[in-house]
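Read through the structure below, which is laid out as structure tokens, and then see the notes.
The values are calculated or read from the model by the stated rules, or taken from the named source; none is laboratory data. These numbers were taken from a predicted model, which means no experiment stands behind them. A quick note on method: Cβ atoms are made from the backbone with ideal geometry, for glycine too, and the neighbour counts reach across all protein chains shown. Quick note on the areas: whole protein, heavy atoms, side chains included, nothing else; ligands and nucleic acids left out. Shrake-Rupley method; radii C 1.70, N 1.55, O 1.52, S 1.80 Å.
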Amino acid sequence: MRLSASATFREDDSKIHIGRLPRVMAGLRNLAIGIHHQDGHTNIAAALRHAARDCHRPLTALGLAG
């Protein structure tokens, strides 16, 4: 999962280096990856592109929209 997050979310290019923000962003990235895995996706980059096409898809995956 580490390589997936690093490459997909371009962690090395992040400008967030202050206080707790890096840990918060890592948690949000891990949440996104976990939700896509739980939804049955194995290719996280493709799943992110698919979810980005419709703003309701991530909410539906979380059970927050019907």
Placing each pseudo-label 7 Å from Cα in the direction of the beta carbon, Ile16 and Gln38 end up separated by a distance in nanometres of 1.9
Starting from the residue with the highest accessible area, list His56, His36, His50 in decreasing order, probe 1.4 Å.
His56, His50, His36
